[in-house]
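Note sheet for the following structure.
Read the figures in this text as sums done on the coordinates, not as results from a lab. Bear in mind the structure is a predicted one, so any value in this text is a computation, not a measurement. Positions of Cβ are backbone-derived with ideal geometry, glycine not excepted, and every protein chain shown enters the neighbour counts.
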Amino acid sequence: MRAIDAASATGRLGHLLDAVEQGEEIVITREGREVARLVPARPPRSRADARAAIARIRARAESRGPARFDWVEWKAFRDEGRR
C-alpha cells in the first residue's frame, strides 16, 4: 500500500488509477492524515453465482427443518415491560 499527498495525487490521478487497476491500494493523505483510499473495484457478481448462493441457502434451510414456534414465549416477549 502506497501513500501519497493530496496535492501530488491531483496531478497524477491517471497514474494512480493505473496502479489501482493492477491491484495496488493507495492512501491519499492531507497534512499527514489519511483522508481517502483508492482500492480496486470488486468485480460484479454473475447471475450464476447468485443462483448458486440461493440454492445453498435453501438447501441449508430445508436440512434444518421447520423452526419451533412458541406463542406463549412470544407473547411474554411482547408483554415484557408493559406494566
Label-point separation, Thr29 to Ile57 (7 Å along Cα→Cβ), nm
4.2 nm
Mind checking segment 23-83 for chymotrypsin sites (Phe, Trp or Tyr not before Pro) that DSSP puts in a loop (not H, G, I, E or B) and that have at most 15 other Cβ atoms within 10 Å?
Phe69
Over all directions, the average projected area of the alpha-carbon convex hull for segment 1-66 comes to how many nm²?
7.4 nm²
Among the trypsin sites (Lys or Arg not before Pro) in segment 1-63, which ones are in a DSSP loop with at most 15 other Cβ atoms within 10 Å of the Cβ? Mind listing them?
Arg12, Arg45
Just in segment 51-83: which GluC sites (Glu not before Pro) are loop by DSSP and have at most 16 other Cβ atoms within 10 Å?
Glu80
